[in-house]
Each structure stands twice: as structure tokens, then as C-alpha cells.
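Before any comments, here is the structure.
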Amino acid sequence: QVRLGESGGGLVQPGGSLRLSCAVSGSIFSVSTMGWYRQAPGKERELVATISREGKTNYEDSVKGRFTISKDSTKNTAYLQMNSVEPEDTAVYYCNADVALSRIHPYMKYWGQGTQVTVSA
């Protein structure tokens with residue numbers, strides 16, 4: 001069973017910082033691309049940032065220059081450093097990872113349970 005454990009969400013003031021973590025655990029063979037998505041009330045889930053196995057990153061335009069995605073491959077953990085946060089960043093943030101259960105299994109996407117980020121004064 002694969003589990004994505006997210007942590008680090010909470011309440012932060014505008015202009016502040018927050019760091020989210022996502023650890024992949026369970027009986028797995030390999031983790032490839034990891035990413036963060038978010039869903040605000042009344043809106044569809046959207047991509048925030050991804051990081052490939054090789055470390056190539058991709059960001060949604062509104063977070064470029066403010067958010068940084070990184071990972072520790074030895075711990076199968078991804079991070080999202082959120083700086084200069086804005087009220088529009090308020091959402092439930094979900095971690096996503098492409099995971100192979102064995103050498104012969106294809107990579108499949110798994111999701112975390114989500115962590116709430118609220119930006120408010």
C-alpha cells in the first residue's frame with residue numbers, strides 16, 4: 001500500500017512563508033515525478049508545481065518566483081516552500097507522486113489527503 005503523508009499546512013499572514021512536506025511511504029520500488037496541486041473553494045484542482053526524477057521543475061505562472069519545489073530522493077519526500085503568500089493562495093494543497101510498486105509495475109499516480117493552507121490577516 002502506498003501512502004503520501006502531507007504536513008506543514010496552516011494559517012499564515014499575507015507576505016508570510018510556509019513549507020509543505022510530502023513523504024511517500026509503503027512497499028514501493030521507485031518514485032518518479034512529484035508535484036503539488038491545490039483546490040480553492042468553488043474552483044477546480046490546479047497544478048502548482050512539479051519536480052521530475054532528474055530534478056527538473058515546472059511552476060504555475062502565479063507562483064513563479066514565490067514558491068519553490070524541491071525533493072530529497074533518499075527520503076522519497078517533496079517540499080513546497082511558499083514565500084510571499086497571498087490570500088489567493090488559500091486552498092487545500094494536495095501532493096501527487098508517480099510511483100512504481102516493483103520493477104515490472106508501471107508508474108501510477110497517487111494522491112495525498114490534502115493539507116489546508118489559509119492566507120489571512
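Worth pointing out:
- Annotation for R53 and H105: the two label points, set 7 Å from Cα along the Cα-Cβ direction, are 1.5 nm apart.
- Of the chymotrypsin sites (Phe, Trp or Tyr not before Pro) in region 1-54, those whose Cβ has at most 13 other Cβ within 10 Å and which sit in DSSP loop: F29
- With K and R counted +1 and D and E -1, the other residues having a Cβ less than 13 Å from that of S52 yield a net charge of +1.
- Within the chain: Cβ-based charge dipole about Cα centre, in debye rounded to nearest 20 (Lys, Arg +1; Asp, Glu -1): 400 debye
- When +1 charges are put on Lys and Arg Cβ atoms and -1 charges on Asp and Glu Cβ atoms, the dipole computed for region 5-73 relative to its Cα centre reaches about 80 debye.
- Taking the charge dipole of the chain about its Cα centre, with +1 at Lys and Arg Cβ atoms and -1 at Asp and Glu Cβ atoms, the residue from W36, Q116, S62 reaching farthest to the positive side is W36.
- Put the Cα centre of region 1-51 next to the Cα centre of region 72-121 and the gap is 2 Å.
- Sites matching GluC sites (Glu not before Pro) across region 1-82 that sit in DSSP coil, with at most 11 neighbouring C-beta atoms within 10 Å: E44, E54
- Annotation: per residue accessible area for the chain equals 54 Å², rounded to a whole number [probe 1.4 Å, protein chains only].
- Relative contact order for the chain: 36 percent, from Cα pairs under 8 Å spaced at least 6 residues apart, divided by residue count.
- Taking trypsin sites (Lys or Arg not before Pro) as exposed when DSSP calls them loop and at most 16 other C-beta atoms lie within 10 angstrom, the chain has its longest site-free stretch at 1-42.
- Förster radius 25 Å - calculated FRET efficiency between S7 and D61, Cβ distance, rounded to 0.05: 0.40
- FRET efficiency for S32 and A121, using Cβ-Cβ distance with R0 set to 30 Å, rounded to 0.05: 0.15
- Classified by the C-alpha gyration tensor, the chain has a prolate form. Its axis ratio a/c, with a ≥ b ≥ c, is 1.5 or above, and a/b is larger than b/c.
The values are calculated or read from the model by the stated rules, or taken from the named source; none is laboratory data. Nothing here was measured: the structure is a model prediction, and the numbers come from that model. Positions of Cβ are backbone-derived with ideal geometry, glycine not excepted, and every protein chain shown enters the neighbour counts. Heads up: the accessible areas ignore ligands, DNA and RNA and are worked out on the full protein's heavy atoms, side chains in. Shrake-Rupley method; radii C 1.70, N 1.55, O 1.52, S 1.80 Å.
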